[in-house]
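Single-structure report; data block below.
Readers should treat all values here as calculations from the given coordinates under stated rules, not as data from a laboratory. Predicted, not measured: the structure shown is a model, and the values here were computed from it. Don't worry about glycine lacking a Cβ; one is built from the backbone with ideal geometry, like all the others, and counts go over all protein chains shown.
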């Protein structure tokens, strides 16, 4: 069995696991952040756990990429765009949060496993299995449209996180209802930003591995956004009932 057959098998297995994960998360809310609770094993510092999880997503694709044989400069551009998100997510974002909290070791381990497999799939596709793309790809409609969508998603994600950071900066010691930006329309605009980012990335790289990542992102974040809206409604009686979970006016 050659590596491409193994790669495809892992990719389809990842799709199947994503379906199972989505169905499970509709009934069991992952116990981290505002949803942290007892019964899921030992806890670790939230900052340390977040760095372990997200640094895996930043480092594994780089190692996989370097071990491959990227055809020309275009794959390096794809990798750089990937790293824009994950270098921030792994090494900047965890230290900007005012309250780290604690998270189960189980969640950290599951996150690292996901990022290990996802990092291999995406890094290997970009550096080895992707068709050769000339520099003209960087001025083509797919790359430009995908990059624009990635940038829009990144800005939404960053601004939505900043709104939450600012609540704590004004002296809030617990959670509060955010009232700025897309928070006025949905409970989890930062998740919406991530979905847009990775959809854009899948388009600009035209990658099946990235498309599976978009599916996984939705499988994880759609139930999480629904749980977040439910939590806001139960915790704050004044929470606006018209706010959706993830997509303004729709979901």
One residue is enough: does region 140-163 have a residue meeting the conditions within 16 Å of residue 77 (Cβ to Cβ), crowded, with 17+ Cβ neighbours inside 10 Å and over 17 Å from the mean Cα position of the chain (by Cα)? yes
Within region 97-111, which residues are in contact (Cβ under 8 Å) with a residue 24 or more places away in the chain, out of contact with any helix residue (DSSP H, G or I) (no Cβ under 6 Å at 6 or more places or on another chain) and not in a strand (DSSP E or B)? 97, 99, 105, 106, 107
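Scan region 29-58 for residues that are at positive phi and exposed (fewer than 14 other Cβ atoms within 10 Å of the Cβ) and jot them down. Walk me through it before giving the result.
Taking region 29-58 as the starting set, the residues that turn out to be at positive phi are 33, 39, 41.
Within region 29-58, 39, 41 qualify.
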Near pairs, Cβ below 6 angstrom, 6+ apart or cross-chain, from region 199-221 (at positive phi and in contact (Cβ under 8 Å) with a residue 60 or more places away in the chain) to any residue that is crowded, with 19+ Cβ neighbours inside 10 Å and assigned to a helix (DSSP H, G or I): none
Condition set in contact with a strand residue (DSSP E or B) (Cβ under 8 Å, 6 or more places away or on another chain) and surrounded by 20 or more Cβ atoms within 10 Å (Cβ to Cβ), scope region 61-120, selection farthest from residue 155 (Cα to Cα): answer is 104
Residue among 75, 94, 70 that alone is touching a helix residue (DSSP H, G or I) at 6+ places or on another chain (Cβ under 9 Å), over 16 Å from residue 213 (Cα atoms), free of Cβ contacts under 8 Å to residues at least 60 places away in the same chain and assigned to a loop (DSSP other than H, G, I, E, B): 70
